[in-house]
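Let me begin by presenting the structure, written as structure tokens, before commenting on it.
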Amino acid sequence: MTRETRTTIDVSDIVAIEFECSKCHSKTIRHLDNWHKTPIGCGNCDEQWMLPHSNDFKNLELFVSMICGITGKAMPFRLRLEIKADGTEKSKA
């Protein structure tokens, strides 16, 4: 017998994105339905995370835009993201 445990999240369940500073571990949350400004640095310790017009910034803005676009549409399929569990490898599916 083979047993597999997977953790997935439906894209429509994503309501916010959390940013945690690698330096001071302060967290900030941006809700997708009220996204005004992508953070480029830590509001607590002023550590700069990215430059406003860098590829990282553009990719993050695109990622958020894509999630918002997918969650608001009726699709003929369900889109889920598989989340890596601590100490386990990705599924073979």
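Only the coordinates and a few stated rules stand behind these numbers; no lab work does. Quantities reported herein were computed from a predicted structural model and do not represent experimental measurements.
Could you work out how much longer the chain between Thr7 and Ile29 gets when fully extended? Use 0.36 nm per residue separation minus the Cα distance between them, nm to one decimal. Walk me through the numbers before you get to the answer.
Values: separation 22, 0.36 × 22 = 7.92 nm, distance 2.23 nm.
This chain segment gains 5.7 nm when fully extended.
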Point to revise | Acute angle (nearest 10 degrees) that the helix 55-71 long axis makes with the longest principal axis of the chain, alpha-carbon atoms | key: 50
Check your understanding: Lysine pairs in the chain 8 or more apart or on different chains: how many have alpha carbons under 25 angstrom apart?
Key -> 10
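Could you please tell me the mean projected area of the C-alpha convex hull for segment 7-77, averaged over all directions and given in square nanometres to one decimal?
Details: hull surface 23.6 nm².
The Cα convex hull of segment 7-77, projected and averaged over all directions, gives 5.9 nm².
So between Ile83 and Ala16, what do we pick up on full extension, going 0.36 nm a residue minus the alpha carbon distance? Provide the component values of the computation, followed by the final result.
On the way: separation 67, 0.36 × 67 = 24.12 nm, distance 1.61 nm.
So the chain would gain 22.5 nm between Ile83 and Ala16.
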